[in-house]
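A short write-up of the structure that comes next.
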């Protein structure tokens, strides 16, 4: 196992969830349940974590992972993709020794640094400087080793002014910058990164991706969980696709991404968030997202040259400044064709601050921009460089069957990611004599 950095053998992880208690129809039944409740609660608490590998399926059991096995060689950069709830983050938590698997085991050959959520491994009462040394000590580094990397960490994180401020006073973006800088610079043999980088601004994301590329080239092992298909395709040599807790496919990025985007994700012209899935305690919640053609109803199978409208409804429960709603259009090869936000709106009355209420944002994607093929739409909400508020990744999709405006066939005959009809102007220059050589 000298060349193997990570070996996962038949790992399964099961959680027991709470179910709605039975409501008694009689006073006697309710009174009897009240007397029994201490014993019932004790039994429920015991069963919460006491899950046997061979336990039969029941309504209160959820298998986040089931019989997952794979190997990662030293120096490999592996991307892990899948829909929300597929089990990606649970897998990284098991590899980070944060969560114990229900069955199976993971063998790690090397020092592990992980970045699974904002401020992972930080003590909120300690300053940024103290947390750098704390994280280094946890990784088994000496003070001399940490000192040699200290200036690089502070420079990369861009928080020099706040270095001696307690981390609990950092914004989400500041905490992510410092956490990533510590994880990437303290020379771990294995780096585990969940999609926490989405909190940072675009410039810092590019900086982090560049640093991850350097880490990979230096021979260290990286496991990268992300919904950003362009990033995983550029950084990773191989991908693992997880669906419903099981490995669905492994292999080269193009093949795995294509299956992720095209298989098992049928065309969907709308997504409505179920009421029970909306957290009323958060400041922001998505309500729905729909596709439609101008002047027509909801669509999924698109035969258009006129374009498609993306309509997003959401609710704000408290005033919010600098909120943006972003729409990304992806093609079937995992390439981001375009991204737009509601800040592109020329006259946006809510550009500075939005008051509590229900909102509807609509953007129009011109049809003559698109080549024939299948497209997927990711919708997100964020306060840039501060907080990611929500995301609907790849749940809207449609097919462009033809792009033939004015009877002129274009589309497949054109090179490029998109096939726009751009404005041209041709004039004859008066008085210009032709010189024949």
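Screening the range 322-403 for strands (runs of 3 or more DSSP E) wholly inside it with 3 or more residues that are closer than 30 Å to residue 253 by Cα and at pLDDT 85 or above returns the ranges 324-331, 336-341, 373-383, 387-400. Within the range 197-208, can one find any residue that is touching a helix residue (DSSP H, G or I) at 6+ places or on another chain (Cβ under 6 Å), more than 23 Å from residue 66 (Cα to Cα), crowded, with 17+ Cβ neighbours inside 10 Å and modelled with pLDDT of 75 or more? Looking for residues that are touching a helix residue (DSSP H, G or I) at 6+ places or on another chain (Cβ under 6 Å), more than 23 Å from residue 66 (Cα to Cα), crowded, with 17+ Cβ neighbours inside 10 Å and modelled with pLDDT of 75 or more, one finds at least one in the range 197-208, hence yes. Within the range 228-255, the set of residues being buried (at least 20 other Cβ atoms within 10 Å of the Cβ) and under 17 Å from residue 92 (Cα atoms) comprises 232, 236, 239, 240, 241, 242, 245, 247. Anything in the range 117-148 that is under 10 Å from residue 186 (Cα atoms), buried (at least 19 other Cβ atoms within 10 Å of the Cβ) and modelled with pLDDT of 85 or more? List them, or say none. Result: 132, 146.
When the range 77-93 is filtered for residues that are in a loop (DSSP other than H, G, I, E, B) and touching a strand residue (DSSP E or B) at 6+ places or on another chain (Cβ under 6 Å), the ones remaining, listed by number, are 82, 86, 87. Scanning the range 93-105 for residues that are more than 23 Å from the chain's Cα centre (by Cα) and surrounded by fewer than 17 Cβ atoms within 10 Å (Cβ to Cβ), we see that the one that is modelled with the highest pLDDT is 105. Each residue in the range 161-175 was checked for being over 18 Å from residue 208 (Cα atoms), out of contact with any strand residue (DSSP E or B) (no Cβ under 8 Å at 6 or more places or on another chain) and not in a loop (DSSP other than H, G, I, E, B), and 4 pass.
A search for C-beta distances below 6 Å between a residue of the range 135-146 that is in the same structural domain as residue 110 (by TED's automatic domain parsing) and any residue that is surrounded by fewer than 19 Cβ atoms within 10 Å (Cβ to Cβ) and assigned to a helix (DSSP H, G or I), counting only pairs 6+ apart in sequence or on different chains, returns 146/133. Among residues of the range 280-308 being under 29 Å from residue 417 (Cβ atoms) and at pLDDT 85 or above, the one that is nearest to the chain's Cα centre (by Cα) is 286.
The values are calculated or read from the model by the stated rules, or taken from the named source; none is laboratory data. Values in this document were obtained by computation on a predicted structure and should not be read as measured data. So basically every Cβ, Gly included, is an ideal-geometry build from the backbone, and we count neighbours across all protein chains shown.
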